[in-house]
Every structure is written in structure tokens, then in C-alpha cells.
1. Restricting to region 792-821, name every residue that is open to solvent by less than 60 Å² (accessible area, probe 1.4 Å), in contact with a Gly (Cβ under 9 Å, 6 or more places away or on another chain) and not aliphatic (A, V, I, L, M).
2. Which of (1) open to solvent by less than 70 Å² (accessible area, probe 1.4 Å); (2) in contact (Cβ under 8 Å) with a residue 12 or more places away in the chain is the odd one out, the single condition residue 443 does not satisfy?
3. Which ones in region 592-651 are charged (D, E, K, R) and under 24 Å from residue 694 (Cα atoms)?
4. Any residue in region 360-371 that is open to solvent by 10 Å² or more (accessible area, probe 1.4 Å) sitting within a Cβ distance under 8 Å of a residue that is of a type in the set (D, E, K, R) and at pLDDT 90 or above? List the pairs, counting only those 6 or more apart or interchain.
5. For region 535-552, which positions are in contact with a Phe, Trp or Tyr (Cβ under 6 Å, 6 or more places away or on another chain) and at pLDDT 90 or above?
6. From the residues in region 448-482 that are touching a helix residue (DSSP H, G or I) at 6+ places or on another chain (Cβ under 6 Å) and more than 25 Å from residue 570 (Cβ to Cβ), which one is least open to solvent (accessible area, probe 1.4 Å)?
7. Hey, among the residues in region 310-338 that are of a type outside the set (A, V, I, L, M) and at pLDDT 90 or above, which one's surrounded by the fewest Cβ atoms within 10 Å (Cβ to Cβ)?
8. Based on this model, can you work out whether residue 418 counts as loosely packed, with under 13 Cβ neighbours inside 10 Å and closer than 29 Å to residue 573 by Cβ?
Amino acid sequence: MIEKPKHHFKSLPKGTWKRLKDLQRRRRFPVEDIVQDSLVDHEAGTLLLPIVHRSENRSHTGAIPKKPKDADQDQSCRITELRFRQFHRDIRTHPFTDTNVERGRKQQDTEVEEDIDNMPSDKDNQETKPLNNNNSNGSGGSASSKPKIQPKYSIHRDVLTHEVVIKQTGYAARDKSIPSSLRSCWQSWSFFSLFTGIIPILQWLPQYSPRRDLAGDIIAGFTVAIMNIPHGMAYGLLAGVSAGNGLYMAVFPVLVYMFLGTSKHISIGTFAVASMMTLKVVETYATVDERFGPPSVVNGTSLLLANATAGPPVDQITHLEVVTSLALTVGIVNLLMAFLRLGTLASLLSDPLVNGFTTAAACHVVTAQLKDVLGIPVNRYIGAFKIIYTVIDVIKGVPNTNLVNFGFCVAVIVFMTICNECLKPCLSKKCRFPLPAELIMVIGGTLISKWFNLNQEYQVNLVGNIPSGLPEPVLPRLDLVPKVAVDSIAIAIVTYSIIMSMGLTFAKKHGYEVRANQELFAMGIGNMVGGCFSCIPMACSLSRSVIQDQTGGVSQIASLVSASLVVITLMWIGPFFSSLPRCVLAGVIIVALKPMFMQARELKKFSKQGKLEMFTWISTFMCVVLIDIDIGLLIGICISLLALYIKGLKPYSCLLGYMPESPGIYLDLNQHRNAMQVPETRIFRYSGSLNFATSLFFRRALYEAVGLDKMPPKKASSSASNSNSPSRASKSSYSPVSQNGGKVIDVTDSSFKMLILDFSTLGHIDVAGCRTLTDVSKELKARGARLLLASPVDRVYDTLVHSMALSEGPFEIFPTLHDCVEYANACRTA
């Protein structure tokens, strides 16, 4: 006697267990000798045994007597054994037992295993087998899944033209007039939204939670300040000014961006590429290096001596004056870009362009540090091929290398590499606070320089005087603004693209918005304020931004903490770093440039994307390295725009055919082998834009696809006779395919009577494009064919209607491609 399993209490239908017990009770009684032996003795067969009992075993009431406890079945009886097996087989194949629930089949309790084995399986049915093999579970077997619902539908309506749809839907073209634009702008204008939009800190500061966010911002700000001290000093020297000017970058532009910027995680301050571009401008226009006293030497000639021999003396221009005027000019360019809503201008700088430019700029940075690494004097060059001339001078000066200076720099590079590659990854797993390797080297290098008197004993060049306190605000020289205007445009675009790309990266990670034009406004004000406080053009650092995010920074309050610590350093600790050797900062810069050099590995990825991407990267890199930074950047932008134009000049186009099994679905004939071409009709799909620049390609692609230039013009009489009395074969050559499949017609005739242009993927068309359509329509009429336009978007339809008002066309327009095909079929067979 089997027992009812507990886990079936809720899953079994009502009355199921009662039926199962009744099935067992029917198999318990012994069979007398009146029942003939069955020849079926295996489980695979069908066993039909009647239940017959002796009359004396029944009571007068007709009830079945209970089986005595000692009346066990005789297992030696063949019939009893077969019944016993049949009973267990019924239990095993019952739909509500444990062994068969997984099969998902509901069978009657009298079915046997032979019927189950002979039933067709879903696995063997080719009609239900999916096209892909994604129906397996994790173990590699096929998982049971519900069959996909494939509903059928049928639409019965008249063929609609686009004019009928316009009238029925109440379509109204968008008002493009200036009064309408001004009215909509005035209705959406709000003074409070404008004020909070200009100063974004008013939006996020009321939602700031000190209990939740302040601890992370303090830790992140302290960490970024530790990195800002060596980076500011190093990149300040790289830009051609003192180390103190680089430290000022961590204070004034940072505070301005905290109020006006929209990114919460980037670290504003110095950046290697911006410092290198600034150095190029400084070397071009500066005549006096106030850091060391003697005049600058450019191309091996003293500028003051050249000016004295050429004529009357001119006004002396210091490095700091050029830098401050450049920062002011870059700020003005940023504000003009924000006013003109050019925030999307950075999207013109493609990834291959930015990658190749920054990698080449890193080569310029390393070349500028070679003189500090070797401790030798090197002439400064300007113009094309200056990096080649600098490398040649460095090679010539290798015999005069200061061994103490070189050994100290190599030790710094080795220590920084070990910290970055080994110690920092290990400590990051145990502590959120990163190892301040740069600060350790700066402090250690300063102490070693003081203890061993490296400047006087071994002629090791030092950083120089770093004044204590903050600089006084001074207006930059305005007469230098026109001179540095051209260079400031390139610096403004590069720094904006760096800040915007970093801001978008962290905004996507943390789920907030970075506004492009507001970033331009914040950069403009930050650069103008920084120019008044002896700062170089602002940018952001990748390494510091990543550290600020990883250490728990959630807002620009971390930048406020970092700026406060830098101010403390400038007020009391600044003069301590005057004895820092320049070779230490050179080693810090070289190690920090490793990620920029590792970007060269992306060239393999760009080569897989396309030849134009690879050509853009190589050309930008070579032009920046061999010619100069600004000229190379300009050439790279031109090549990137040319590649963009080439891609847009050749949009996608193809001929479409229909599916024989499903009407109304049209596919590319080149990609789908079983798609059939509509008889005497050509369907041409064109993607992209149809304007004055792409009209020639559109015409060439259309002629090559449909063979329009190979069709001879037809005479008027023959064309009229063909149109008035079409052949019987043309009438019956095409009929709409039924929903369940139908006759597949193969068209071998190259001529056609209808040309359908599918404009569902056409994004824009101008009057020149409409004129091209008019010319195509006239050529088709001369060859006895018609032009039909299908499924244009609203803005394309507006342009088509506007062009028809200007005597172009007329055009026959339909809302869907299937409407157009059915209309063409009806006209052809009429």
C-alpha cells in the first residue's frame, strides 16, 4: 500500500489520490483459475486482465470483502506477477507521480510505456526546432521551454496615400518662424531655473548629507591634495613657469569649478598635455625667463641679443605674462563657445584622434624632461621638427651627463614603478587610502638635497624659490591676447574634450547628468580667474580623478578639502620645497605618463574598426611628433572630419525584395537569398541624408542598382499602347502572396514599370535632393516608368511638400512601403 506523498497536497487536483488508491485496490485481489493465462509477460506489452471473483467470496450485500492479513498474493503465479508489474508501471507512468512530473505529459492511468515510447518528441520535430541552439541549460542539455506564441493577423483596408493620412490624422507642420521660436523660448524661460542652472552648486548642495557623504569627501580630498602637491610642482615647471604657479592651479580654478561645474568627481588642476601646449606658446612669445634671470635661448640664439642687433629694443615678455594672458584668452574662448552653444564640438574629436594626439603629446613631454634627467643644458626650439632637434642635442650632450643627477632620477623612476605596479595594488585590497608615493619622493628628495647639499657639491638643478602665501590678483597683459589667440583655441578645445570625456565617464558610472555648455561656462570663468592669480590653463587629471572616486568622494566638497590643504602648504610649507631637485619631478612626470604611452595598444582595436580610424591615429601621431603640437592637432582634426565626411558620403543603399511566405515584409536582396523581387517593380532603399553633397552618390547608386542608364527610352506610341493594353502575362505575373505561403514568381526581365524609393531610413533631404528626385522622375517617364515614394518621416515630407510648391515634382507619396507596393501592383495590372 503506497502512501500519499506530502509534497503533492497542494499540487494534485481534487480526486486524484482517490483514483490512484482505487487503482491499487483493484490490483490486490487474486485471480482464480477461471482466468486464462496471458501470453504477455513483459512490461512493454499491453495487458488486459478482467477482474473476476468467485461469488462465494462476495457478501449478500454485494460488497467486496476485505483481504485477510495472511492472504498475500502468490508471487509464483504468472498472472499475479504480471498484474503486479502492471500496477507499478501504472504508478510510474501516472501523470501526478514524482517520476513523471518532469515530463510534463498528462496521460490516462491505463496507458503503458509502449505508448509513451512511441509518442513523438519535441526534440525530433523539425518544425518546432528553433533556428538557434540557445535552448540548453547550464549543463549542456536542452531545457524545457514554453513554445513561442505566434499569433496570426490579417489587415483589410484600402491602400492609403500620404495625403489621406495627413488629412485624417490632423497633421500640422512644425512652425519654424523666428516669432514662434522666440515665443516658445519665452514660455519655457524661468529666472529661478536659469539662476540655479548657472550655479549648479545650488542644486546639489541642499541635498548633501554630511552624515553620509562628508567622511568620504574628507578622505578623498586629503588624498587628492597629497597628489596635487607633486603634480602641481612638476607640471608647473613643465609649462615653463615656477613650481608655485602649478600649486596655484590646485586652488583658484578648483574653487570656481566647485560652484559652476556639473561633474562631481573630476579633479581640476594641471594636466601634462595642457602644460606641454602651454610651454609651446611660452617658448614662442616669451623673451625673458624670470625664473633664472638670463634671457631665454631659442634655436641656439638669445632673443634679447637678436632683438638688440635687429633694431631698437622691444618690450620684454616674461614667461608668467605669457601664461596668464594665455589663460585669460582660453577663458574668453570657452565663454564664446558656451554662448554659441558649441558644447557638442568635442564630439568632433574622435577616439582615434584624441588617442593619437595624447600619445604624441606624451612624447613631447618626455623629450622636454630629458635635460633634467641627464642634468645637461639643451637649447629650446620652436616650430616644426623641434622634437627631432631636441633629441639630437640630447644625444650630443650625453658625454656631459651629471651622473649624480642621472642616478638620482633613475632611483626615483625605479621606486615609483615598484610602488605603482606592486605596492599600490596590494595595499588597495587592505586599505582605501592609497600609497602616496609621489609625495614620499618629493619630501625625501628635498631632505636628501638639503642634507647632502646636492646643488653646490654636485651641480644638481633645483626647483627654485617658491614664495609663501597666495599671489595677489593682477590683470594679465591684454596686449598679448591677440598674439596667443590662435593657440588658445587649440588649448580650449583639447582641455574641454579632456574634462568632458572624464566627466561623462563618472556621470555614467554614478548616474547623474553633465551639461556640456555649463562645463564650458565653468571652464571659462575658471580660466579667467586663474589668469588673474598666475595660473596656467586648467584641465583635469585622469589619475587624480580616479583616486578621488575610489577613495569615497561623492561631490566637489572633496575639491574644497584638497584646495584647503594646498593653501596650508603654500602658506607655511612652500619654501621647504625650494631645495627639491628638478630630476625628482622629471622622474615623477615620466612614470605618470605610462598610461598615455600604453594607449598605443589601442591602435590594434582601431585597425579592426576600419582603415579610416587607423589612418586617423597614425597621421595625427606622426604630425604631432614630427611637426608640432598645434599644427599636428589641426591636421588630425581635418583628417577626422574628412573621414567622417567619407563615411557620410557613402550611405547604405540596396534593392529590396519580398518574402514569399509573408507579404508585407521586404528585405535586402543581397543579404537574403530567398527573398524575391516584385515583378516589373524595383524597390530601392536609401539610408542617410539626401542633400547637395550626397545627391551625386544617390544618383550613381540608384542607376547601378536598378540599371536605369541601360534602359532605352521608349517611344510615346509604344508606351501608350503598353499602358492602355497591357499583356495578359503582365496582369497575371504578380499577385499578393497569401498568408500561408503561395506561388513564388521569379522575375528575369530587367525592365520595370515602377520604381519605389523607400525613405523610411532617410533622415534629411534638402531642395537639391528634391531636384534630384525630379530629374529621376523625368527620366523614368521617358522610359515608360513611374516614381513612387514610400514612408518618409515628417520632416522629409515637409521638405517634399515645400519643394513641390517651388515647382519640383510632383511626387506620389505613400505612408508605408506595403501600401506603395500594392498600389504599384494595382496600377501595373489595371
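1. 799, 803, 816
2. Evaluating residue 443 over (1) open to solvent by less than 70 Å² (accessible area, probe 1.4 Å); (2) in contact (Cβ under 8 Å) with a residue 12 or more places away in the chain leaves (2) as the failure.
3. Result: 611, 613, 647, 650.
4. Sorted first by the residue in region 360-371, then by its partner, the list stays empty.
5. Once the filter is applied, which keeps residues that are in contact with a Phe, Trp or Tyr (Cβ under 6 Å, 6 or more places away or on another chain) and at pLDDT 90 or above, region 535-552 yields 535, 539.
6. 480
7. 318
8. Details: loosely packed, with under 13 Cβ neighbours inside 10 Å: yes; closer than 29 Å to residue 573 by Cβ: yes.
Taking the combined requirement at face value, the residue satisfies it.
The values are calculated or read from the model by the stated rules, or taken from the named source; none is laboratory data. Just so it is clear, the structure is predicted and the values come from calculations on it, not from any experiment. A quick note on method: Cβ atoms are made from the backbone with ideal geometry, for glycine too, and the neighbour counts reach across all protein chains shown. What goes into the accessible areas is simple: the full protein's heavy atoms, side chains included, and nothing from ligands, DNA or RNA. Shrake-Rupley method; radii C 1.70, N 1.55, O 1.52, S 1.80 Å.
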